[in-house]
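One structure is given here, and the rest of the page talks about it.
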Amino acid sequence: MKVSGFTFIRNALTYDYPIVEAIQSILPICDEFVVAVGNSEDETLQLIRSIPSDKIKIIETVWDDSQRVGGKVLAIETDKAFAAIAADSDWAFYIQGDEVVHEKYLPVIREAMEKNVRDTSIDGLLFHYLHFYGSYDYVGVSSNWYKNEIRVIRNNKKIYSYRDAQGFRKEDNQKLRVRSIDAWMYHYGWVKDPRSMQKKQLNFNKYWHDDEWVDKHVAKSDAFKYEEKMTALERFQGSHPTVMLPRIHALNWTFDLEIAMNKKSIKDHFKSLLFRFFGIDLSYKNYIKVK
């Protein structure tokens, strides 16, 4: 069984993406790793080149910013990286620049790949998600956060990145048939120095909206105000991936939250009751889950 990792990145240093940690977190179970490095205004290309591994294959790309609205350019860049993986790979392991896998899940992921590699009815593997917010001590628990996503796909070129690169579909807009695995993706996209987060917000929203919308809806500020976007949070009780520890120890801002004042919305309570008593899950699913 052969496994290729793949991702895309642009301006990682400017917007403080943990892209090196993301790559390193899954590199041990990949035979190669393709990184599509977009035309950047910082030293992102040098950063990726500095990763000490002969598994890494860099392709340099130019983003088509005319395709930015709706996040389409993000899917285009994902597809470029996917197209560049080895033809003889069985699985393609996708990870975004702000996602990291804890090393304790690598054996679980590897085992799931081996178990399903011959079952061609399975298009991919579905991961659970933890979304950190404000600091490395809190995770989002409201229904606004997506619970699951596909991060391992079969090396089938009929599969493509869907919409804004959050998930995948295949020819004729079909949802992928996936198996859920007992592994979690740690999403750190909402944990940054407030100044870096504000820069990211200005840039990030440009890949979904036009300039007029961004000018109207993104606050003019030097630092992001976490409390203004905050939803229900819980304190994180587990451990972080080893590759993230230096970044966590270098944290240089304070996120002070009074959990007692941070309650779930009525909508979240309603959804929880529906699932608990009737097994009804109203969350959006861009996949078909197979037992």
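What follows is calculated from the coordinates using simple rules that are stated; it is not laboratory data. Computed from a predicted model, the values in this text were never measured in an experiment. Positions of Cβ are backbone-derived with ideal geometry, glycine not excepted, and every protein chain shown enters the neighbour counts.
Of note:
- Within segment 27-57, the residues that satisfy the criterion of being touching a strand residue (DSSP E or B) at 6+ places or on another chain (Cβ under 9 Å) and under 15 Å from Asn11 (Cα atoms) are Val35, Ala36, Val37, Gly38, Asn39, Ser40, Thr44, Leu45, Leu47, Ile48, Arg49.
- When restricted to residues that are outside any strand (DSSP E or B) and among the aromatic types (Phe, Trp, Tyr), segment 130-186 contains 3.
- Qualifying residue in segment 20-37 (condition: within 20 Å of the chain's Cα centre (by Cα) and charged (D, E, K, R)): yes
- Taking the criterion of being part of a helix (DSSP H, G or I), hydroxyl-bearing (Ser, Thr, Tyr) and under 24 Å from Asn116 (Cβ atoms), the only residue of segment 37-91 that qualifies is Thr78.
- Any pair with Cβ under 6 angstrom, 6 or more apart, that starts in segment 38-64 at a residue that is free of Cβ contacts under 8 Å to residues at least 60 places away in the same chain and closer than 21 Å to Lys200 by Cβ and ends at one that is among the aromatic types (Phe, Trp, Tyr) and surrounded by 11 or more Cβ atoms within 10 Å (Cβ to Cβ): Gly38/Trp63
- Taken residue by residue, segment 168-177 has no member that is closer than 30 Å to Leu245 by Cβ and either of a type in the set (Val, Ile, Thr) or in contact (Cβ under 8 Å) with a residue 24 or more places away in the chain (or both).
- When segment 61-88 is filtered for residues that are more than 25 Å from Asp164 (Cβ to Cβ) and either surrounded by 21 or more Cβ atoms within 10 Å (Cβ to Cβ) or in contact with a strand residue (DSSP E or B) (Cβ under 9 Å, 6 or more places away or on another chain) (or both), only Ala86 remains.
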